[in-house]
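The numbers here are math on the coordinates, done by the rules we state, and not lab data. Quantities reported herein were computed from a predicted structural model and do not represent experimental measurements. When we count neighbours, we look across all protein chains shown, and the Cβ atoms used for this are built from the backbone with ideal geometry, even at glycine.
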Amino acid sequence: MYGRTAVRPNETAIGKPRMKEIMLQLAIMTVPVLLAVTVHELAHGLAADRFGDHTPRMLGRLTLNPLKHLDPVGTLVFLVTRVIGWAKPIPINPRNLTDSKRQLPLIALAGPAANFLLAGASALVYHVAGYLALALGGNWITGTVLTPVLLMARVSVFLNLALGFFNLLPVPPLDGSRIVGFLLPAQLAYVYGRIEQYGFIIILALVFTGGIELVLVPLITYCSHLLIGGAPVPFF
C-alpha cells in the first residue's frame, strides 16, 4: 500500500531490541576490556624494565594509554567473536636482562598476576558500589552512576580472571608456555618452543571444540564466587 513502509515482523520485534542490547553490552564491556588489556601488557613492560630491559620504555609502552597496546585486528576479532582477541605484544630483548633464564618466566607471569590483582580491585569496587546502592535506594545516583559501575565492575572481575587464566595455559605463545619452558630441560624446552608456530591454530581448536570452556569456566566460576558471590558469568 502507498504511504506505508513494509517492515518484516522480526525487525521490530527482534532486530531493534537485539541491536540495542548489543550496544548496551558493548558499552558496559568497553572500559573493563581496555583496562584489562592495558594493565596486562603494562605489567609485562614494567617487569622487563625492572629487570634491565628498557625496550618497552623506549617504545612508549610503559603507559596506561590503551591505544599504545591495542591491536586493531585483535580488537576487531574480539568485538565480533566476543571470545578471541589479542593486543600488541610487549617487545622484549632477552639480551638486556641480567638473568634471562630466570627473569623471562617472571616477566610472563607479571601479566596474569596483574589481571588477578585487577579482578580483586574490581570486586572491591563492586561491593562498595553495591553497599552504596542499598544505602541510597532507588534514586537517580543509583540509576545513572552506581548501576553502570556495578555492571562494569562485575564484568571486570570475570574478564580479568578469564584473561589471567587464559594466558596461563601452556600453549605457545601464551604466558603459561614461557613458565613451562623455564621448567623443562633445555632440549625439551627447545622442542616445546617450536610448537609456537602452530599456537594460534591450537588456540582456535580449543575454543571451537569447547576445550577452553571446559578448563577455564570452572576456575573462573569458583574464583568469582569467592570474590563477588554466585553471580552468573556475564559473557554475552
>> What is the angle, in °, between the Cα long axis of helix 72-81 and the longest principal axis of the Cα atoms in the chain? Nearest 10 is fine, range 0 to 90.
In response: 50 degrees
> the stretch 28-53 to the stretch 136-201: how many Å between their Cα centroids?
Replying inline: 11 Å
> Once the dipole of the chain is set up with Lys and Arg at +1 and Asp and Glu at -1 on Cβ about the Cα centre, which of 212, 31, 160 lies farthest towards its positive end?
Replying inline: 31
>> For the chain, take the longest principal axis of its alpha carbons; what is the angle in degrees between that and the long axis of helix 100-136, to the nearest 10 within 0 to 90?
In response: 20 degrees
> With a Cα-only, solvent-free Debye model of the chain, what are the log10 I(q)/I(0) values at q = 0.17 Å⁻¹?
Replying inline: -1.32
>> Can you tell me which of 49, 175, 99 moves the most in a GNM of the chain? Springs connect C-alpha atoms under 10 Å apart.
In response: 99
>> Compute the helix-to-body angle for 199-208: its Cα long axis versus the longest principal axis of the chain, expressed 0 to 90° and rounded to tens.
In response: 30 degrees
> Using +1 on the beta carbon of Lys and Arg, -1 on that of Asp and Glu, and nothing else charged, what's the dipole of the chain about the Cα centre, debye to 20?
Replying inline: 340 debye
